[in-house]
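Peer 1: Have a look at the structure that comes next, please.
Readers should treat all values here as calculations from the given coordinates under stated rules, not as data from a laboratory. Predicted model only: the values in this text are computed from it and were never measured. Backbone-built Cβ (ideal geometry, glycine too); neighbour counts: all protein chains shown.
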Amino acid sequence: MISRRNSLKLSLGIAGAALAPAALTSRAFARTAAPAATGKFTLPPLGYAYEALEPHIDAMTMNLHHTKHHQAYITSLNGFTDRWAELDPKNTVEIMSKPSMIPEAIRSPVRNNLGGHFNHSFLWDLMTPGGAREPDGGLKAAIDSTFTSATEMMTRVNTAAAGRFGSGWAWLVVNKDKRLDIVTTPNQDTPLETGAMPIIGVDVWEHAYYLKYQNRRPDYLKSWWNTVNWTKAAGHFDKAMG
Ligand code: MN
């Protein structure tokens, strides 16, 4: 007879022999990651290291923002895909341009989470290290003619962003009249529903800056501009004007 205690030891021994500690770890990780990988929506890779934007944005903030906050929007979206067939990554821009098309029973959570997915995907790409360090070409000409200078434009975006009550975003957009404009959106709303195309967007939810800047949103905003990849911004501008 094998006592219960010995039986437990035996089974643990077999498991231990079959799996090296590293394998156990990677197995546990794969198990945690599996649900996200099976849904229609998946977390897009950042494309660069979490520490790549330091000292302006710290690695811990980037890691949490990407793997926890953005992942939460993805996970939530995958909980709604079987309730509305149109809810698909390829329809993201179309849906966020007209949120009234979302079935009323799921409109609020789908709007919030799909907006969160769109906004954060846009942000990660915009902050890609490298690229032009200041506006150039058609975007520079439009900024200068609309705001007098890039410095003035940034000041106005920062003022709008600092004044956004609670959580939201501040944007430089090309509006429906094909003119540059500065707008803010609450929560995870996007500029798309007004017919505008985002050129630059900054997240002013506290989760975007609180670890490093605490309550000092203006300090975060001032530093954040150092992360903007102006080649990406110019690409958005050319597409919006095209
Ligand atoms: Mn965010």
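Peer 1: Give me the net charge of GLY131's neighbourhood, meaning all other residues with Cβ under 11 Å from the Cβ of GLY131; Lys, Arg count +1, Asp, Glu -1.
Peer 2: Cβ neighbours under 11 Å give a net charge of -1.
Peer 1: Then there's this: Order 111-122, 86-97 from most to least packed using the mean count of other Cβ atoms within 10 Å.
Peer 2: Listed from highest to lowest mean packing, they are 111-122, 86-97.
Peer 1: Quick one: net charge around LEU172, please, counting Lys, Arg +1 and Asp, Glu -1 for every other residue with C-beta under 13 Å from its C-beta.
Peer 2: +2
Peer 1: Pairs LYS40/LYS176; LYS140/LYS176; LYS140/LYS178; LYS140/LYS239; LYS90/LYS140; LYS98/LYS178: which are spaced more than 22 Å apart, C-alpha to C-alpha?
Peer 2: LYS40/LYS176; LYS90/LYS140
Peer 1: Once the other residues with Cβ under 13 Å from the Cβ of TYR48 are scored (Lys, Arg +1; Asp, Glu -1), what is the net sum?
Peer 2: Local charge sum for TYR48: -2.
Peer 1: Using the Karplus equation 6.51 cos²θ - 1.76 cosθ + 1.60 (θ = phi - 60°), what ³J(HN,Hα) coupling, rounded to whole Hz, does each residue of region 58-71 give in order, writing x for Gly and Pro?
Peer 2: In residue order, the calculated couplings are 6, 4, 5, 4, 4, 4, 5, 4, 7, 7, 10, 5, 5, 4 Hz.
Peer 1: Ok, one more. Sort 198-204, 170-176 for me by packing, meaning the mean count of neighbouring Cβ atoms within 10 Å per residue, highest on top.
Peer 2: 198-204, 170-176
Peer 1: Once you order the gyration tensor axes a ≥ b ≥ c over the Cα atoms, which shape class does region 141-222 get: rounded for a/c under 1.5, otherwise prolate or oblate by comparing a/b with b/c?
Peer 2: Because a/c hits 1.5 or more and a/b fails to exceed b/c, region 141-222 counts as oblate.
Peer 1: Let me ask something else. For region 69-182, how big is Rg over Rh, using alpha carbon atoms and the Kirkwood form of Rh?
Peer 2: Details: Rg = 17.0 Å, Rh = 16.4 Å.
Value, to two decimals: 1.04.
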